[in-house]
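Everything on this sheet refers to the single structure shown next.
The values are calculated or read from the model by the stated rules, or taken from the named source; none is laboratory data. These numbers were taken from a predicted model, which means no experiment stands behind them. Reconstructed Cβ throughout: ideal geometry from the backbone, glycine too, with neighbour counts over all protein chains shown. The accessibility values were calculated without ligands, DNA or RNA, using every heavy atom of the protein model including side chains. Shrake-Rupley method; radii C 1.70, N 1.55, O 1.52, S 1.80 Å.
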Amino acid sequence: MLLTGRRLFVARRLLFGTAVALPALFLPAALPPAGAARARPDLAALVTLKDVEPHLSAFQEIADYNGGNRAAGRAGYDVSVRYVTGRLKKAGFSPKVLKFTYPYWQERSQAKLARTTPSKASYKREADFLTLAYSGSGDVTAPAAPVDVPAKGEGTSGCEAADFKGFAKGSIALVQRGTCTFAAKAARARAAGASAVVIFNKPGEKGPVNGTLSRPAAIPVVGPTHAVGAALVKAARKGGLKLRVRTDAVHGRRTSSNVIADTRQGRADNVVVVGAHLDSVPAGPGINDNGTGAATLLAIAAKIKELGRDGLRNRVRFAWWGAEEEGMQGSEQYLRSLPAAQRERIALNLNFDMLGSPNGTRGVYDGDHSTGAGTRAPAGSGAIERMFRQYFQSRRLPVTASQFNGRSDYGPFVERGIPAGGMDTGAEGVKTAAEAKAFGGRAGKAYDPCYHARCDRLKNVNLKLLDSNADGVAHVLQHLARTTVAVNGGARVGPVRDPSYAPLWQGPYLLR
């Protein structure tokens, strides 16, 4: 009943029997009618920046006292695992630490690339060239020969056995990046008798090739810039060019672990897997990459029980992946180890990698492939993208599309036909003028100037951006914990592996 026209007073008999008139606003609120629906908890409101920041501080302290990093296979990572499991137990979870072995590769000393004849020149590592991951070791001085290098464009240099027709055994192969994988180019070159391979960048691409061969090679393989490579090809065609290629690397197998924690409630046959990698690179503590993602999930895990049975109709599986910086080893090993029946219970994957880049954008994974860039994600991924976009639109916060290109732990899920979504805020890429206008920050500068560097510390994190992104993560996860109808119809069907899946990246390394 709506009362108007006069203020309502009620009489209350106090301790000594005196009746006193009190304004209604001082009385306890009336209980809702029997059977009335209660308002659902708002996970985005429950999880605040104050819940996330202590975890970032903990990851920083762990790195500071354990060699300056939290890299897989090192003490900082092992302590990070203990921290995560301890916080999860305190929140009522029963976390599992799943160990796995993975192939690793590491340079023992700096590589060299130099011209020895007819003129001498030495090239700078990182500025002019990089060693490809899983390159073999060796110190080779030999003639250099171009292999089917196109006059312009990308081409298929070194992709076919016929490209090496007339190639002199023992020579160094000059190959341009393009079309097929670096592994295929290196294997063709070695089969033709090459003593080393120089895979230079393609036209229009800046910097040296930061690539991987995915598995150990028997000969040295380096990746210079396009400018360096094009100059070497020109010199080789004039005749008499000799190069020195020296690499010194070690490879083998190491052990790391994933941390997995399931909610106690929710359907076991329709699981929402939400993950973030826990490891850093050896160069730094990795607080933005990816302490921000790992800390956000910890904060949400501590509050998700507030959703209750009605809000947790689907089981939520939190995952902190190991060895992502080694090429997404943890997420790949996890899916590979699951029996097919358990993989089929996974409804979708959410992935969060770098949520607070200091000059970042608010990147939502391009689930509907509207940009035409990167890889087309499985059906249902577009619905996840839409959920993020609608949330941020409701708050009048701008978003941009982020490619599914294989750079983070969604990759193994997408490859196996599992719908995926999530967010990032940018790594070493350069912010455009349009992005600076929409998001603020500086155009022409990297999204994260401390990406994979020693300075990726607490001061490197854009807390304001992280705060709003954590809200988006919590909001979308709350929706999917209750229903996945828009993604998979609410019933998991066996994922269909896409044979055409060809990502550009494998974690931090280019594949082709």
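Restricting the calculation to Cα atoms, every distinct pair contributes to the Kirkwood radius of the chain, found to be 25.0 Å.
Near the amide H of Asn351, within less than 5 Å, lie the amide hydrogens of Gly275, Gly421, Gly422, Met423, all on another chain or at least 5 residues away, with H placed in the peptide plane.
Solvent exposure of the chain, expressed per residue, is 46 Å² of accessible area, with all protein chains present and a 1.4 angstrom probe. With a cut-off of 10 Å between beta carbons, the residues surrounding Pro378 carry a summed charge of +1, where Lys and Arg count +1 and Asp and Glu -1. Counting only alpha carbon atoms, the long axis of helix 49-64 and the longest principal axis of the chain meet at about 40°.
Think of the chain as having a plus end and a minus end, set by charges on the Cβ of Lys, Arg, Asp and Glu; of Ala436, Ala302, Val316, Ala302 sits farthest toward the positive end of this dipole.
With contacts taken as Cα pairs under 8 Å at a separation of at least 6 residues, the chain carries a relative contact order of 18 percent.
Accessible surface of the chain, 1.4 Å probe: 52 percent of it comes from carbon and sulfur atoms. Relative to the longest principal axis of the Cα atoms of the chain, helix 182-191 runs at roughly 20 degrees. Projecting the Cα atoms of Ser257, Ala142, Leu458 onto the dipole axis of the chain, where Lys and Arg carry +1 and Asp and Glu carry -1 at the beta carbon, places Leu458 farthest toward the positive end.
Projected onto their three principal axes, the Cα atoms of the range 314-386 cover extents of 39, 27, 24 Å, largest first. Taken one residue at a time, the phi angles of the range 258-274 give Karplus couplings (6.51, -1.76, 1.60, θ = phi - 60°) of 9, 10, 10, 9, 9, 5, 6, 10, x, 5, 6, 9, 8, 9, 9, 9, 10 Hz. Gly and Pro are set to x.
Amide H contacts under 5 Å for Ser280: Arg70, Ala71, Ala72, restricted to partners 5 or more places along the chain or on a different chain, H placed in the peptide plane at 1.01 Å from N. Which entries in Lys89/Lys303; Lys89/Lys464; Lys90/Lys459 show an alpha-carbon gap greater than 18 Å? Too far apart for the 18 Å limit: Lys89/Lys464; Lys90/Lys459.
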